[in-house]
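The structure appears right after this line, and notes come after that.
The values are calculated or read from the model by the stated rules, or taken from the named source; none is laboratory data. None of the values given here were measured: they were computed from a predicted structure. Because the Cβ atoms are built from the backbone with ideal geometry, glycine has one as well, and the counts that use them run over all protein chains shown. Please note that ligands, DNA and RNA were not included when accessible areas were found on the heavy atoms of the full protein model with its side chains. Shrake-Rupley method; radii C 1.70, N 1.55, O 1.52, S 1.80 Å.
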Amino acid sequence: MDINNLTSDVISCVHEAGRFLQKERLRIDEADIGIKGPGDFVSQADRTAESMLKERLLRILPGSVFMGEENSPDVSGGDGWRWIVDPLDGTTNYLQGIPIYAISVALEDRRKIKSNWGDITLAVVHLPELDLTFDAIRGGGARKNGAAIQVRQISDFSRVVLATGFPFRNKDVVDQYLAVFKSMTLKVGNIRRIGSAAVDLAWLASGTFDGFWEVGLKPWDIAAGILLIEEAGGIVTDFRGGNPLENGWIVAGSKNVYDVLFEVINEHFPERIFI
Ligand SMILES: [Mg+2]
């Protein structure tokens, strides 16, 4: 099995799920929307999109296993290939009619696991409403709608634009988060809060954003974006320089922006308070 040849199949599968989400978006019945946790809504469309993706992705790569947001995630499972999938990242945007949400699909190679995670080998992030598809293969670069992308190398910090997400699931660190926010606000040109980590990471890979940090993300929010950024020449780690898949506390950027963000984060998150 040559993993390099899977990308076009994965893209077509993700596009199909994207068309489904767009169609469902037009007829969401408020009564179908359950509350999973504070600020974290999940819709019927979300669950159906995940089932569609699971069925097709497992068929694309026989013997692979699947980890998804709605699919009783089995973090330890599998010793071969594992799909790590968020069928709808940016659920609040989706429900509110803000056209920035994404489907995120990563393929993890668990044949050589370091700690709990193998290497992410293939990544696709698709924004259905904006008709943008990002993909990457480990060692094969990253693309936006088929054209090669690179992180933006920028030295003038007054032109740096960061992205972040607010810690709505980790309210206990809101003070530390805001201290980082304040410090970075004083250093950079601007900061955006888009509402989808998968989109933040894809847009960092393609030079729309120069840096990103957030706490408390899940593996399916970031697995694909991590590979996009690495293949686009950027850096992405957790708050201590380790693998962000381990804890979901993530900092990323082009080299010089990452260095500054990392230092500021370490100043304000002095103890290991990962949850
Ligand atoms: Mg998500």
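If you take the residues of the range 203-245 that are more than 16 Å from the ligand (Cβ to nearest atom), part of a helix (DSSP H, G or I) and touching a helix residue (DSSP H, G or I) at 6+ places or on another chain (Cβ under 8 Å), which of them is farthest from R138 (Cα to Cα)?
Within the range 203-245, the match that is farthest from R138 (Cα to Cα) is L204.
Under 9 Å between Cβ atoms, which residue pairs at least 6 apart in sequence (or on different chains) link something in the range 188-202 that is over 15 Å from I222 (Cβ atoms) and part of a strand (DSSP E or B) with a partner that is at pLDDT 95 or above and within 13 Å of the ligand (Cβ to nearest atom)?
Hits for this filter: R192/D200.
Residues checked against (1) more than 25 Å from G207 (Cβ to Cβ); (2) in the same structural domain as G242 (by TED's automatic domain parsing); (3) of a type in the set (S, T, Y):
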position	(1), (2), (3)
W81	yes, no, no
D86	no, no, no
T92	yes, no, yes
I100	no, no, no
A106	no, no, no
R110	yes, no, no
W117	yes, no, no
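If I ask for residues that are over 19 Å from F134 (Cβ atoms) and within 16 Å of the ligand (Cβ to nearest atom), which ones from the range 163-202 would you list?
T164, F166, P167, F168, R169, N170, R193, listed by residue number.
Tell me the residue from N243, N247 that is out of contact with any His (no Cβ under 9 Å at 6 or more places or on another chain), closer than 17 Å to G165 by Cβ and of a type in the set (S, T, N, Q), please.
N247
Check whether at least one residue in the range 168-181 is under 27 Å from F269 (Cβ atoms), touching a Lys or Arg at 6+ places or on another chain (Cβ under 9 Å) and buried (at least 19 other Cβ atoms within 10 Å of the Cβ), and report yes or no.
Kept after step one, since they are under 27 Å from F269 (Cβ atoms), are these residues of the range 168-181: 168-181.
Checking which are touching a Lys or Arg at 6+ places or on another chain (Cβ under 9 Å) leaves us with none.
Within the range 168-181 (the criterion being under 27 Å from F269 (Cβ atoms), touching a Lys or Arg at 6+ places or on another chain (Cβ under 9 Å) and buried (at least 19 other Cβ atoms within 10 Å of the Cβ)), the answer is no, since none of the residues qualifies.
Filter the range 249-274 down to residues that are more than 21 Å from D135 (Cα to Cα), assigned to a loop (DSSP other than H, G, I, E, B) and open to solvent by less than 30 Å² (accessible area, probe 1.4 Å) and give me whichever is farthest from the ligand (Cβ to nearest atom).
Only one residue tops the list, namely F269.
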